[in-house]
Amino acid sequence: MWIPLYLAFYDPHISSVFQALRDSVGFTWSFQANSIGGLLFMAFLATLAMEFIGYWSHRLQHRFIFLWRIHATHHHITKMSVARTDRTHPLEFLGLNLGGAIALAFFGASGDVIAVTIAFKIAIVHLNHCNMPLTSGVFGWVFTTAQLHQVHHSLNYAESNKNFGCVLIIWDRVFGTYCGQADVDNVGNGTGRSLPLWKQLALPFFSNKSLRSL
């Protein structure tokens, strides 16, 4: 879906706007690579930039009910599974991806860097939602894991306000929202009841009172 849009709009039009912006502030460095090692390093830096924006966007969604409206759909899943990774309101996809796209554009990421970054992100976020007894290990020092993300989906409100990173756990460690808890009792949100799909899609339009009672 994204490749035709990228070829049609980003390269000839949008990239020139961000190039002009970078030139205006004297920013000359970009996410470009000429080797496999360089490509992986640049993809990690791109992920770091995207996750910084994503971390704060995600954290704000949990802080303000106006933003929670489009994020609530994803938290009303009552069981972790790869298939539920994309149980996300269509309106949220824009919010989830826009900040990262702007970061990649501003830093002048090449098509190769973007491809590796997005492929890695897709793999990690799906792995994070799997219902398997995976331990974090050394990988969990830097990256979000299924164990760490399960805490974020906990039915317990305090636990669900931890581990906001979708791909990297670094920013949670930096900003004090990291939780290395091994297990959670239940996942879900609010009352923990399973909601029909139509109601999940209608969540952005519920009143504040109704939204809090689900």
Which of the residues that make up segment 184-209 are basic (Lys, Arg) and either in contact with a His (Cβ under 9 Å, 6 or more places away or on another chain) or within 30 Å of residue 133 (Cβ to Cβ) (or both)?
193, 199
What do you reckon, is residue 30 at pLDDT 90 or above and either hydroxyl-bearing (Ser, Thr, Tyr) or outside any helix (DSSP H, G or I) (or both)?
no
Examine segment 111-133 for a residue that is part of a loop (DSSP other than H, G, I, E, B), in contact (Cβ under 8 Å) with a residue 60 or more places away in the chain and of a type outside the set (Asp, Glu), and state whether such a residue exists.
no
Would you check if residue 147 is free of Cβ contacts under 8 Å to residues at least 60 places away in the same chain, in contact with a His (Cβ under 7 Å, 6 or more places away or on another chain) and in a helix (DSSP H, G or I)?
no
Consider residue 92 carefully, then state whether it is in a helix (DSSP H, G or I) and under 18 Å from residue 115 (Cα atoms).
no
In segment 79-131, anything among the acidic types (Asp, Glu) and within 25 Å of residue 30 (Cβ to Cβ) is listed as 112
Criterion first (farther than 17 Å from residue 151 by Cβ and touching an Asp or Glu at 6+ places or on another chain (Cβ under 6 Å)) does residue 70 satisfy it?
yes
Selection count, segment 103-124, where residues are closer than 28 Å to residue 200 by Cβ, surrounded by 15 or more Cβ atoms within 10 Å (Cβ to Cβ) and of a type in the set (Val, Ile, Thr):
2
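Please determine, by comparing only the residues of segment 155-199 that are in a helix (DSSP H, G or I) and within 19 Å of the chain's Cα centre (by Cα), which one is surrounded by the fewest Cβ atoms within 10 Å (Cβ to Cβ). Steps first, please.
The first filter runs over segment 155-199 and keeps only residues in a helix (DSSP H, G or I), leaving 157-160, 170-175, 197-199.
If we keep only those that are within 19 Å of the chain's Cα centre (by Cα) too, we end up with 159-160, 170-175.
On the way: 159: 18, 160: 20, 170: 19, 171: 21, 172: 21, 173: 15, 174: 11, 175: 14.
Only one residue fits best here, namely 174.
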Checked 134, 67 against criteria (surrounded by fewer than 19 Cβ atoms within 10 Å (Cβ to Cβ) and within 15 Å of the chain's Cα centre (by Cα)); the one match is 67
Looking at residue 80, is it over 18 Å from residue 178 (Cβ atoms), in contact with a strand residue (DSSP E or B) (Cβ under 7 Å, 6 or more places away or on another chain) and in a loop (DSSP other than H, G, I, E, B)?
yes
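The values are calculated or read from the model by the stated rules, or taken from the named source; none is laboratory data. Everything numeric in this text was worked out from a predicted model, so none of it was measured. Note that we place each Cβ from the backbone using ideal geometry, even for glycine, and neighbour counts take in every protein chain shown.
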